[in-house]
Structures are given as structure tokens and as C-alpha cells.
Amino acid sequence: MKDTHDDLKPISDRLYELCTSSESVSSVLAKDPTLTPKQAWDRLYGKYEGKHAAKKLLNGVSRSSTTEEVLAQTARCGKWGPTQPSELFLRLYHDALCSLDEAGVDAAMVSPSLLGTCGTVPLTVISTVPDIVRHMSNCIVRAEREVYLATNYWQNGVASKFLTDAIRELSRRAGETGTKIVLKVIYDRGSPKQMFEPHYLVSEKAYTGKAVNLPHPSEIPNIDMEVVNYHQPMLGTFHAKYMVVDRKIAILQSNNIQDNDNVEMMTHLEGPIVDSMYDMALISWHMRLNPPLPTLNSPAAQAGGNPSETMNDDVGRVSSGQGSPSNGQDATLNATGGGPITNEALARFLSAGELHVPQSPMDNDLPEHTADTPYYDATIADEVLRVQASLTSPSHIEAITRKLNHTTNPSFPGTSPPPPPGSEMTPYILSPPHGPVPMALVNRPPHGAPNNKSVHNPQNAVWLSALKHAQRNVFIQSPTLNAEPLVPAIAAACERGVDVFCYISLGYNDAGELLPMQGGHNEMIAHSLYTSLSPAGRAHLHYYWYVAKDQTEPIIQAKKKRSCHIKLMVVDEHIGIMGNGNQDTQSWFHSQEINVMLDSREICAGWIEGVRRNQNTHLYGELDKETGVWRDGEGREADGAMGVDPGRFSWAKGIVGAVKRVQGTGGF
């Protein structure tokens, strides 16, 4: 095993008590719905002393205790149900807890008793925004009691129409059953009002106006809707993107409700993890809920039932007649099947991917569910079959280009040859039937002050811990990568022999990243990392620019043709961390971010295979290991690339980028 410098320290008595408690913000509100979530939080944790509490020891265990003793105590700080976390998961979770002893439990953005939990992942989506909001719209219309929807940026357009039409349909269905549905929507549209109160209720006139265009109350008579605008001045962006439905399912995704050219990632979560997401959502709302959410007394952990039964039904319907499950064995072949990928380390990593449920484009008579012509499905299996049908005509590669063009680029041509069998685009990835797996919410709170002091939180802790404790490899996909603590951690991992794979979007939000204290743009960081490593360390860094599934070279994000906004880390092929957080300065130090960490080789195998199947990054995106620069076969850099040196007046470009981000036209 590679040296990871074991220095695990015990967790404070007070934090241990909070993690092992049965109380949470949601349980307090269930007893007294007249309280605000903020009041419930203060009642439970208002006197927590943060780093001062760390002076106490865990149940009398001395600071010289063994690693095994500390990990055993760490394991008792989670409610894992029937699962057993791996040692690697516990090491990462331990470091997340230690960040709370340093910064205080406010940094968790969830009640400590719900931080470590378990759950299932029936479905993952790796595709364009329309494919993700298709699933969200189906979840909305199937709601029976409540929907809580959170996004950083809500923009009136095609993506939002999927959801607003679903809200109208939900009201219609509720009317047929005599039900009243409660709907909460929270987003971040910066306002001068937030200088005095970061959270405020949005007026009916504002949320039904042209910019947002949510339904007017008269259009949805069977829904009680409240809308909150939340931003922590100056830089504390509400960057969260998630949805909780009936306290039974949670959706966690990388995308805003916004039309763009991005490929994104979404996971559908069920089981006790939904209680953690629900609790976090209440804390984010902050204000009194009027009316309260109907499921305050209906925890997902007490719902019962066997999640594998539903998954078995979905898997059986989708896989019927489609042959054997596929895996990443053909990952060693290039797009034409004519030769090996030159990067052997990446080929080995991708070979760990597996699509456990056979899925391929298939001809059927299911019309596509669109914003103009919705077709709502009763089950996840029905949704998968409908999406598969959209990838067949007139050919698979032409259907891929049509999907990637969707709303914003109706005529942009593809350049890639058709994918060989086993590499077809597979937007909806069904997990094999499985029981609960260990999970943890690893978040960070918003920090508005214009400084980079807010570094201690579970999100940052697990990312750094992953690079410190990985034994084989760490895979990172992010639109941007420049956070000051992250870059040396990547270098250190490479120097100790861990393969680090970075899939980054060329030019993503370049201008904004050039502002002072923002860390620099993607090309600068890649070049700096490669040129700073020893020859041995350089061999373990594998940097790629994102290449879309229908392309043969990276396209700079400023062209808005083919970009990627996925936020994913996979560690040693069995720890997965996904959600809202980018690997940039804003997400590391300022924005509120929500992420889930899970421990499952099967689920991570599906994510790895989904990454391989739904982009061509591994085929065409690799940077030169000597210079950290991408060039085509004729030695040319990507068209429009800024280069590793942005020039003397990069700060001016940064100001332009900052303005675009506020306007919602830059990268989030």
C-alpha cells in the first residue's frame, strides 16, 4: 500500500453526541411546525463551539489512539442501516467530521445526525439538460403530497417549460383526486434586498414575470406554491441544484434550469438519504414554511418496502430482449475500433466501468417527451425506453448530434464516426437491483465575504482526503479546476504513484476565473501542474479536455457549442462523490454546495461506464504530458483557446466574466 501518512485524530465528544443523536431540524419541525428551520437549528446547535469543542476527546479516547479505534468511532457517527462502510469511505467521512470540529456544525448544511446515512441509486442521467428535466418533470407529475425544487439559476426557456408544464399537470391530477399539493421553489437571482435579508419571498408578479415564468396561482388551483430568492452577499451564491418529492425520492444534479450546450449529470436517490436531503432543504429555506410540508412526520427511513423489488421490475422491462450486460472491456479501443487508447492507465480505469443493465438504442413506437408535446411515464423503465427510442433515427450518430444540439445549436454538425457496439450513447443509466449502500451528505455553506478563508467544510475535506488516501486512482470531472488547496493535493497524489484523471472543459468561464483571487483559467492550471511535477509524478497525471460524443476535438466553451458541466469524483473505483460543487475557487470558498458521497463498486462502475459512453473525451481530449497543452494531429491548439498565458490585462477579461455570471450567461 502507498503511504498516506496516517494521522487520524479523534472527533470531539460534542460532535459525537450530535451525530449519534436521534434529533434533527426536521424532527424538531415535525413536533412544532410553527418554528422556522433557523429556530429549530438554533434550538439544537446554537451553542456549539466549533473548534473549541475539539479540545475534548472522543468518549475519553486519547489522541494517541490507534487508527482502528478512531475509524470504529467514526463508523458510529453514521446511521448506515444494513450497510458496512469500507475503510476508505470511513477515512473520508472522518475528515468531513473533523472539518466540523474546526469550523462548527453550521458548515454541514445538514443536521449532524443525518450526515452519515445510506440509500439507493435506481437511476443516473449523464446527458443534456432536456434529458435531466424530462426525468424531473416525470417525478413532479407523479408527486402525491409535495415537491421542493432548488436551483441556482432559473431561466425562462425550454428547460423550464418541461417543469412548469409538469407543475400544471400535477395540479390537474391533484384536482381529480381532491388533493392539495405543496410546492416550494428556491433559487438565486441576486437582488439589492439581500443586503438586508439573504432570504426573501418572491412576489407573485416577479415569479410569474417573463424572466422566470412560473405558473400563476390561478393556473394551478390545486397547488400551494411559495418561492424564495436566496443569496448571501457578496459572493455567497446559492449554487445548489436538487429536488425532493414526497420525501420519498431526491434528485441531485449538476445543471441549472437553463438552456445551454452543457452535458450534465443527475442521480435519483431513494431511502434514508432522502431524509438527509429533506433536512438540508429545510435548513436552506430558513424561513417559516407557509404552509408546512405535509411529510414532516413521514421520514423516508420509516417508509419500509423493498427498493430492490421496484428496481427488479424496471431492470426486467428495460433489459428484456437486449442481450448481455456490457462493460468497459472495449474501452481500450478507439472510436473506430481500430486500435488501442494510448493511455494505458486510463484504459485500465475505464475497464472498471460496467453497464449492468443492457441498454442500447432500440426502435419502438414511443414518441419523444418534449417541452411542446409532453408524454409522462408511470415508471423509470418507461422513461428509459422512451429515451432509448430517441437515439435511433435516422442513425444513432445523427440522433446523438440532434440530442447534443437540442435547444441552442440546431444545425451544428458532428464530426465523429459512429460509436462501435458497446459504446453507444446511453443517457439513462439504470443501476442493478441493490440494497442500501453507505452514503453521506458532504456540503459546504455559503460564504459571502470577498476572501478565501472559508475552507473547512465536509465538501472540501472529502475531496482533499480522497487525494490523500486513494491507493489506485482518482477520477475528477469538472467544468473548471483551479482551487488553491486542490492543485498541490493532485500533485502530491501523482508523486506518490496514484493515477489522477482530470476531465475538464476547455475555456469554461475563462474570463471569470481570471479575476484576482479566482485561481486562474483551466489552461494555466494544466500547464502549471505538468511542468511542476517530477517525471515520475507526471506519468500519473492524465489531463483531458472534454470532447463531446459527436466530436473529435475539444471546443472552447465560449463558442457555446459543446460544453460539459458534470461535477464528479470517483476514488479507487468504489467511492463516488457527485453533486453541485465545481473544483474552482468559487465552489471551494464561497458557494453553497450539496454533494453526496457513496460507497458502492456497482454504482461507480455504472458512472464510469456512463462517462465513457456519453462523451469522447478519452478518445480525443488528452493533453501533452510535457507541456500540458492539447494539440491536434497537425500540432495546432484548439481553435479560440486562450493559451497558458492569458496576457497582461487578464484582470479586465475577468471583470467581463464576472458580469456575465451575474447575468446568468457565464458558467455556473
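Since every read-out is calculated from the coordinates, none of them should be taken as a lab result. Source: prediction; values computed, not measured. Every residue, glycine among them, receives a Cβ derived from its backbone with ideal geometry; neighbour counts consider all protein chains shown.
For the set LYS31/LYS241; LYS184/LYS559; LYS241/LYS453; LYS559/LYS625; LYS180/LYS210; LYS210/LYS403, the pairs lying more than 30 angstrom apart at their alpha carbons are LYS184/LYS559. Computed about its Cα centre, the charge dipole of the chain is approximately 1480 debye, with only Lys, Arg, Asp and Glu carrying charge at their Cβ. Please identify the DSSP H helices in the chain that span no less than 27 Å along the helix axis (Cα) and have a mean Kyte-Doolittle hydropathy of -1.0 or more. Helix filter hits for the chain: 158-177. Taking a ≥ b ≥ c as the square roots of the Cα gyration tensor eigenvalues, region 576-648 comes out oblate, since a/c reaches at least 1.5 and a/b does not exceed b/c. Distance between the pseudo-spin-label points of THR370 and GLU169 (7 Å out from Cα toward the beta carbon): 1.5 nm.
Is the shape of region 119-302 rounded, prolate or oblate, going by the alpha carbon gyration tensor and its root eigenvalues a ≥ b ≥ c, with a/c under 1.5 for rounded and a/b larger than b/c for prolate? It is rounded, given that a/c, with a ≥ b ≥ c, falls under 1.5. Database note for the chain: Cys without another Cys beta carbon under 4.7 angstrom, CYS98, CYS118, CYS139, CYS494, CYS502, CYS564, CYS604. Cβ-Cβ distance of GLU69 and GLU634, R₀ of 51 Å, FRET efficiency by 1/(1 + (r/R0)^6): the value works out to about 0.30. For region 119-302, a crude dipole built from +1 on the beta carbon of Lys and Arg and -1 on the beta carbon of Asp and Glu, taken about the Cα centre, is about 280 debye to the nearest 20.
The residue list VAL182, SER203, ILE257 was ranked by how far each Cα lies along the charge dipole of region 119-302 toward its positive end, using unit charges on Cβ atoms, and SER203 comes out on top.
Counting Lys and Arg as +1 and Asp and Glu as -1 over every other residue whose Cβ lies under 11 Å from the Cβ of MET109, the net charge comes to -2.
Ellipticity at 222 nm from helices only: DSSP H runs of n ≥ 4 in the chain, each -39500 (n - 2.57), divided by the residue count, give -9500 deg cm²/dmol.
Taking every DSSP beta bridge that has both residues in the chain, what percent is antiparallel when rounded to the nearest 5? For the chain, the DSSP antiparallel bridge percentage is about 65.
Given the choices (1) 0.94; (2) 0.98; (3) 1.01, Rg/Rh (Cα atoms, Kirkwood Rh) derived from the coordinates of this structure is entry (1). Run the simple label-point estimate for GLU144 and ASP313 please: 7 Å along Cα→C-beta, distance reported in nm. If labels sit at GLU144 and ASP313, their model points lie 1.2 nm apart. Roughly how many whole Å is it from the C-alpha centroid of region 196-271 to that of region 371-395? Answer, in whole Å: 25.
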